[in-house]
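Remarks on the structure that follows.
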Amino acid sequence: MARLTTLAATIGVTAALALSLTSCTEDAPAAERPTGPNVVTVAAMAYSPASVTISPGDTVTWFFDDTGVAHNVIGIDAASRLLHSPMISSGQFSQTFDDPGTYPYFCSVHPNMTGTVIVRET
């Protein structure tokens, strides 16, 4: 009988704790996706589009929306001096590109995720 009472008390405490945690949290509002031609969506374990071609002085914005999975944007080789976003699961990161060239990047946690920014000559 004591075992049954202890089990019932444990279940009751667990249910109360779960209910209190649920009622104290709110869903954060979804980040609004930026608009424009130079937006890269980070979702479904991919950058989309994987390649963006821009003019010098343009800004590229990466919009992170991968259902809680954190990613980043890390430049490869010379691009590493310019591209180094924080690890985030939602929100956005923007970078302005002034010099023509090709800027490859990847996610340091998911190295199969790759992309390229191409800044054309003027």
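The values are calculated or read from the model by the stated rules, or taken from the named source; none is laboratory data. Note that this is a predicted model, so its numbers are computed, not measured. Every residue, glycine among them, receives a Cβ derived from its backbone with ideal geometry; neighbour counts consider all protein chains shown.
Give me a count of the residues in the range 92-122 that are over 22 Å from the mean Cα position of the chain (by Cα) and either closer than 12 Å to Ile74 by Cα or of a type outside the set (Val, Ile, Thr) (or both).
Final tally of qualifying residues: 6.
Name every residue in the range 90-100 that is loosely packed, with under 15 Cβ neighbours inside 10 Å and in contact with a strand residue (DSSP E or B) (Cβ under 6 Å, 6 or more places away or on another chain), in order of residue number.
Gly91, Ser94, Thr96, Pro100
Looking at the structure I just gave you, is Asp65 among the acidic types (Asp, Glu) and in contact with a Ser or Thr (Cβ under 7 Å, 6 or more places away or on another chain)?
yes
For the range 83-122, list the strands (runs of 3 or more DSSP E) that sit wholly inside it and hold at least 2 residues that are free of Cβ contacts under 8 Å to residues at least 40 places away in the same chain; which are they?
Those strands (runs of 3 or more DSSP E) span 90-97, 101-106.
Residue-wise test of (1) at pLDDT 95 or above; (2) of a type in the set (S, T, N, Q); (3) loosely packed, with under 12 Cβ neighbours inside 10 Å.
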| site | (1), (2), (3) |
| --- | --- |
| Asn38 | yes, yes, no |
| Thr61 | yes, yes, no |
| Phe64 | yes, no, no |
| Gly68 | no, no, yes |
| Gly75 | yes, no, no |
| Pro86 | yes, no, yes |
